[in-house]
Amino acid sequence: MTSPFLSSTEGLIARKPVLGGLVAALMTEGQYDFWSRELGSTAAWRRVFARVVAAQREAADTLTLTLRPNRNLGPVSAGQHLTLSADIAGRRHCRSYSLSRLASGRDICLTVRREPEGLVSNFLHDHVQVGDVLELSQPYGDLATGLLSDATRPLLMLAAGSGITAIYNLLASMAASGRSLQGELLYWEKQPDRFCFTEELNRLQAEHAGFRVSRFCNAIEGREDAERGRLDAALAARLAGAYPAASIVACGGGAFVTAARELLGGVGKEFRAEAFTPSFATIDDETDEQFYELVLRRSGKTLRVSSRQSLLEQIEDAGLSPEHGCRMGICNSCSCQQRGGESVNELSGAALRGQGAVRLCVSRANSDLELDL
C-alpha cells in the first residue's frame, strides 16, 4: 500500500521549499524516510528509493531489474555503477552493480549475476518482486569519461563474465546517440548458457558494418557463435595489429583485467579498465602472514587482524557493519579515517602511514592500526 500523502510529497522538499518546511516541522528526515518505506512509497527526503517495475531473465543465472527511482537520483551516465542496498534478515547489505540495459524515462536497469555464495545476488534472484522498493546510491564511476564523445577512434572492448554489463551499456549508449560503431567486442564466458544480451549484441553487429562481436567459451557445444580461446599473447598480438589506434576498454574479474593490462596496456591510443573484484597481490609464503592489533575508536573494540585479508572483511567477521558499497575500491563508501599505524592499498601498492583516509575494502594492515570507526 502506498500512502497518498507520501506519494504527493515525493521530491517536495527539493521543489517546494515552503511546503517542504511544513513537512520538516512534522517529522525528522529519518522518520519521513522510515514511514515512506513502511508504506511502500519511494518518496524520501534525500535518499534514493527505487521501485522494481520489471524483472527480465538474461541468462541461466543472470537477471535484469528495471528500477524507477525517485527524483533524488542525480544524472547517470553509461559505464557507471550504483550501490544497491537490501535489508536481509534484519541487516542491511550493500553491493555495487553496473548500469546495463538502456531504459526509457527515468528508469534504470541493473543486471545481476547469481553468485553461489552471494548473499545479495541470491536475495535479488529469489525474493525481489515487481513492486518492491530498494535503495540506491548516487551513480559513480568514470569509465566512459571522454569515450562517448570521441567517435573517431575504433573501439576494442574486452568483457569477461559480469563485465559485459558495463561494456554493453557503453556500446548501446553510443549506438543510441547515432554513433557508428567501429571495432570489436571480445566476450568470454565459462558456460554457453551464461552469455547475456545475445540478441542486442547481434543486432549491433548487423547494424554497424565496421563492428564485430567475438564470443569465447570453455564449452561451446550448442553455441555456434562461440569459439574456444582465452586472452593470451597470440590473441593480443592479433588485436594489436588490427587495432593500433583503438580505445581499449577491459571489464571483468581482477585476474582478467590484470592480464588485459599486461598484454594490451601499451596498445592503442588509450587503455581503460574496471575490475569487479580487486586484483590483490598474492602472498605465497605462509610465513609472510602477520597479525596486528586493530583499534576501532568509536566502536570501542580491539581486533586481531591478519596482513593477508582486507580490513573490511575482518571487521565484518567481527560482527560490525561498516558502510560499504562496491567492495573493489571505486565508490569510496567504506572510506574512514586512519589515526595511526600503517595500512597498504592493494590496488596501488601504496602505504598509508599515520593519519589519512583508508578504503577498507582494498586495504590491509601492515602494522598495529587505529581507525576512526
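A few remarks follow.
- FRET efficiency for Ala351 and Lys301, using Cβ-Cβ distance with R0 set to 25 Å, rounded to 0.05: 0.55
- Shown here: volume of the Cα convex hull per residue in Å³, derived from the displayed model; of the candidates (i) 168; (ii) 181; (iii) 150, it corresponds to (i).
- R0 of 22 Å, Cβ-Cβ distance Asp126-Arg92: FRET efficiency to nearest 0.05: 0.75
- For the chain, the list of Cys residues with no other Cys C-beta under 4.7 Å reads Cys94, Cys109, Cys196, Cys217, Cys251, Cys334, Cys336, Cys361.
- Packing rank of 38-49, 295-306, 106-117, where each peptide gets the mean count of other beta carbons within 10 Å, highest leading: 38-49, 106-117, 295-306
- In the full protein context, segment 238-373 carries 48 Å² of accessible surface per residue, based on a 1.4 Å probe and ignoring ligands, DNA and RNA.
- Summed side-chain charge close to Gln355 - residues other than Gln355 whose Cβ falls under 10 Å, Lys, Arg +1, Asp, Glu -1: 0
- Computed E for Glu323/Ala151 - FRET, C-beta separation, R0 41 angstrom, nearest 0.05: 0.60
- Per-residue SASA entry for Tyr292, accessible area with 1.4 Å probe, Å² rounded to 10: 50
- Net charge contributed by nearby residues that have their C-beta within less than 14 Å of Ala160 (K/R +1, D/E -1): +3
- One chain, two ends: Glu224 and Glu342. Fully extended at 0.36 nm per residue, the span grows by 37.2 nm beyond their Cα-Cα distance.
- Of Glu293, Glu262, Glu370, the order by accessible heavy-atom surface (1.4 Å probe, DNA, RNA and ligands excluded), from most exposed downward, is Glu262, Glu293, Glu370.
- Apportionment of accessible area to carbon and sulfur, the chain, percent (1.4 Å): 49
- The distance between label points at Ala237 and Glu262 comes to 1.7 nm (points 7 Å beyond Cα on the Cα→Cβ vector).
- Electrostatic bookkeeping for Arg261 treats Lys and Arg as +1 and Asp and Glu as -1; over the other residues with beta carbon under 12 Å from its beta carbon, the sum is -1.
- Mean residue ellipticity at 222 nm, helices only, the chain: -6500 deg cm²/dmol; runs of at least 4 DSSP H residues each add -39,500 (n - 2.57), and the sum is divided by the number of residues.
- Taking the Cα centre of the chain as reference, the dipole from Cβ charges on Lys and Arg (+1) and Asp and Glu (-1) amounts to some 1160 debye.
The values are calculated or read from the model by the stated rules, or taken from the named source; none is laboratory data. On a predicted model such as this, the values are computed, not experimentally measured, just so you know. All Cβ positions, even for glycine, are placed from backbone atoms using ideal geometry, and neighbour counts span all protein chains on display. Protein only, heavy atoms only, side chains kept; ligands, DNA and RNA dropped before computing areas. Shrake-Rupley method; radii C 1.70, N 1.55, O 1.52, S 1.80 Å.
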